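Everything on this sheet refers to the single structure shown next.
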Amino acid sequence: MVNHRIFIVEDDRKIAQLLADTLRKYQYDVAIVEDFDAVVEECRAFDPHMILLDINLPSYDGYYWCRQLRQQTMCPILFISARSGDMDQVFALENGGDDFITKPFHYEIVLAKIRSHLRRAFGEYAPSQGERTVKLGSLTLYIERMELHLRDEVIPLQKKECVILELLMEASPKVVSRETLLEELWDDQSFVDENTLNVNMTRVRKKLVDYGVHSVVETVRGSGYRFVPAPEEL
């Protein structure tokens with residue numbers, strides 16, 4: 001049986017510790033953030049199945065950290081906050097959260113929501129019991145892990161890099177339009193600068209080069225982008 005890992009981002013140490021103690025009684029592995037300037041780094045090191053996130057935090061608020069964490073993980077993120085306004089809940093969901101629990105809370109409700117989201121993400125209600133992958137020649141993209149494998153080489157990806165490669169590799173050798181990429185990468189295209197997609201494509205290309213991948217992302221002028229596998233990687 002897998003002991004699911006839960007990462008708590010809460011600056012009230014008493015609440016954080018009470019949550020952690022309760023969750024450990026139910027066989028969850030728990031870590032509490034130590035450095036509020038290194039939330040992403042600590043989360044990445046712990047590799048949680050779920051994140052419990054407050055809104056009012058030192059330096060940056062929970063909305064900011066949710067956006068940053070969404071670049072690293074697709075695990076469920078549950079906001080737990082004393083801020084109970086409708087717009088607080090809207091902002092939480094729009095910034096990448098999956099659910100919202102208001103303080104003060106009943107631990108039974110928190111536990112029920114945790115179990116529900118873990119079942120949907122990793123258990124019997126998950127869309128697929130197997131990992132979602134895209135395979136193209138000797139390249140395999142592991143979508144949930146956000147990793148691209150080239151034989152024995154493991155290439156870590158950011159969230160947007162993973163989405164771009166998923167779309168391009170699935171369509172290869174066809175062209176994926178700029179419009180399709182924009183729709184998948186950003187919910188509201190009207191706020192996306194024209195160069196933003198170009199910047200993300202540049203990052204993907206640099207990542208491939210840095211890890212010795214010879215397949216390339218080709219720009220098709222006036223249309224979009226195409227993933228062209230290198231002959232030696234087919």
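The values are calculated or read from the model by the stated rules, or taken from the named source; none is laboratory data. The structure displayed is predicted, hence computed values, not measured ones. Positions of Cβ are generated from backbone atoms using ideal geometry, with glycine treated the same way; all protein chains shown enter the neighbour counts. The protein model used for the area step is the full one, side chains on, heavy atoms only, and it has no ligands, DNA or RNA in it. Shrake-Rupley method; radii C 1.70, N 1.55, O 1.52, S 1.80 Å.
For the chain, the Kirkwood hydrodynamic radius comes to 19.4 Å, computed from all pairs of different C-alpha atoms.
For Trp186, the accessible area of its heavy atoms, probed at 1.4 Å with every protein chain present, is near 40 square angstrom. FRET efficiency for the Ser116 to Thr180 pair, using the beta carbon distance and R₀ = 41 Å, is estimated at 0.80.
Antiparallel beta bridges, as assigned by DSSP with both residues in region 15-169, represent about 65 percent of the total such bridges.
Counting protein heavy atoms only, region 1-128 has 50 percent of its accessible area on carbon and sulfur, 1.4 angstrom probe.
Summing +1 for each Lys or Arg and -1 for each Asp or Glu among the other residues whose beta-carbon sits under 12 angstrom from that of Leu18 gives +2.
Taking a probe of 1.4 Å, how large is the accessible area per residue of the chain, in Å²? On a per-residue basis, the chain sits at 55 Å².
Shown here for region 77-122: chymotrypsin sites (Phe, Trp or Tyr not before Pro) in loop regions (DSSP other than H, G, I, E, B) with at most 15 other Cβ atoms within 10 Å, namely Phe105. Amide H contacts of Ile8 (H built 1.01 Å from N, in plane; Pro and chain starts excluded): Ala31, Ile32, Val33, Leu52 sit under 5 Å, all sequence-distant by 5 or more or on other chains. For GluC sites (Glu not before Pro), the sites in region 1-90 that DSSP calls loop and that have at most 11 other Cβ atoms within 10 Å are Glu34. Would you mind checking the pairs Lys25/Lys160; Lys113/Lys135; Lys25/Lys135; Lys103/Lys207; Lys174/Lys206; Lys113/Lys207 and listing those with alpha carbons more than 32 angstrom apart? Table pairs above 32 Å Cα-Cα are Lys25/Lys160; Lys113/Lys135; Lys25/Lys135; Lys103/Lys207; Lys113/Lys207.
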